[in-house]
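Engineer: I have a structure here, written as structure tokens, and I will follow up with some questions on it.
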Amino acid sequence: MPFSITDAAFEGFRVMRRAPLAVLMWGLAYLVMLVLIVLLCGTAIFSMMQGASMVENDPASAMAAFGSLMMVYAVGIPLSMIAAAVVVAATCRAVLTPDKPGFFYMRLGGAELRLFGAYLVLTIGALAIIFAFVMVMALIFGGAAMANAGTGGAMPTAAIALIYPLIFGALILWVWLAVRLSLVAPITVAEGRFALGRSWAATKGRFWTLLDLGAATMVRWFIVYMAMVVLMMFVAMVGVSAFQPDALASMEQSPQTHWSAILPLVIAYIVFIAGFSAIQFTVISTPFAAFYRDVIAPKPAPATETAA
């Protein structure tokens, strides 16, 4: 049976229908991570909120807010990648081995560790590419500004025209890399290996099929995303309407003293983001696990009949 992009793009919805409790538990796992980040970075988050209102008038407050932001990133990004590794591995197991649910397809073992390592390498690589892109842009515009300093300082049209091909080229590079590395998670789970190189090899000659699959998946995810954003906005409007304008203004000045007032909103937001993330991982990652299962995974040899 030939591989169907349409069927694979709906794999996440089939998983949610077949194992709704598992998806709920994936959201709970992500919720635990978010709560842990808040507990570890609560002081830094409050300092960042307080410093944000004084950035324009107080450089020291700006530096303190920046330091608090770096603290949140230093703790939040690794924990987020660990949670993502656990949940994405679970979504892949729900597709590859649906008859072996275990603890809602979740583990904390070698596959998750290797997937976390892959995410870490990809994050560092992405930051390096972004840094290189920014440096190239700075060199182009800095050089153009210096060369044109004697003519009034106006930016040359040629330098401005380079913005669009650079951005377009960066976008093409990002899409190409994303497609070539799109099978990292299912290969890691199915084959028990650090799968960056294996994904690169497995996607060779299959770029356009995987690109079509990714596009079909993102269209479906966009519909879900918009529905959830509307729901989030409705909940936010209801929550904000429960506060008086004076109370909201005073919270901006001193959020710590009004923590008890905003706590329900914070809890609701964290729970929403956890559920949102679980659905996002399910809808986006499972189609590529289905592609691996149907196209890449070794097929069992057909049984041969023995002569009587």
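Engineer: Yes or no: PHE141 modelled with pLDDT of 90 or more and farther than 30 Å from THR209 by Cβ?
Structural biologist: no
Engineer: Let me ask something else. In region 1-25, what count of residues is obtained for those that are part of a helix (DSSP H, G or I) and more than 25 Å from ALA215 (Cβ to Cβ)?
Structural biologist: Matching residues across region 1-25 total 5.
Engineer: So how many residues does region 179-215 have that are over 24 Å from TYR105 (Cβ atoms) and part of a helix (DSSP H, G or I)?
Structural biologist: 11
Engineer: Examine region 208-226 for a residue that is modelled with pLDDT of 85 or more, of a type in the set (Phe, Trp, Tyr), farther than 30 Å from LEU21 by Cα and over 20 Å from the mean Cα position of the chain (by Cα), and state whether such a residue exists.
Structural biologist: yes
Engineer: Same structure again: If ILE172 satisfies every condition in (1) within 30 Å of ALA144 (Cα to Cα); (2) surrounded by 13 or more Cβ atoms within 10 Å (Cβ to Cβ); (3) modelled with pLDDT of 90 or more but one, which is the exception?
Structural biologist: The failed condition is (2).
Engineer: What about SER285, is it out of contact with any Gly (no Cβ under 9 Å at 6 or more places or on another chain), among the polar types (S, T, N, Q) and either at pLDDT 90 or above or on the phi < 0 side of the Ramachandran plot (or both)?
Structural biologist: Here the answer is no, as SER285 does not meet what is asked.
Engineer: Considering only region 9-34, how many residues are at pLDDT 90 or above and in contact with a Leu (Cβ under 9 Å, 6 or more places away or on another chain)?
Structural biologist: 1
Engineer: Could we say that GLY110 is exposed (fewer than 15 other Cβ atoms within 10 Å of the Cβ), in contact (Cβ under 8 Å) with a residue 24 or more places away in the chain and either closer than 30 Å to LEU21 by Cα or in contact with an Asp or Glu (Cβ under 7 Å, 6 or more places away or on another chain) (or both) here?
Structural biologist: Details: exposed (fewer than 15 other Cβ atoms within 10 Å of the Cβ): yes; in contact (Cβ under 8 Å) with a residue 24 or more places away in the chain: yes; either closer than 30 Å to LEU21 by Cα or in contact with an Asp or Glu (Cβ under 7 Å, 6 or more places away or on another chain) (or both): yes.
Considered against the rule, which asks whether it is exposed (fewer than 15 other Cβ atoms within 10 Å of the Cβ), in contact (Cβ under 8 Å) with a residue 24 or more places away in the chain and either closer than 30 Å to LEU21 by Cα or in contact with an Asp or Glu (Cβ under 7 Å, 6 or more places away or on another chain) (or both), GLY110 comes out as yes.
The values are calculated or read from the model by the stated rules, or taken from the named source; none is laboratory data. Quantities reported herein were computed from a predicted structural model and do not represent experimental measurements. Cβ atoms come from the backbone with ideal geometry, glycine included; neighbour counts cover every protein chain shown.
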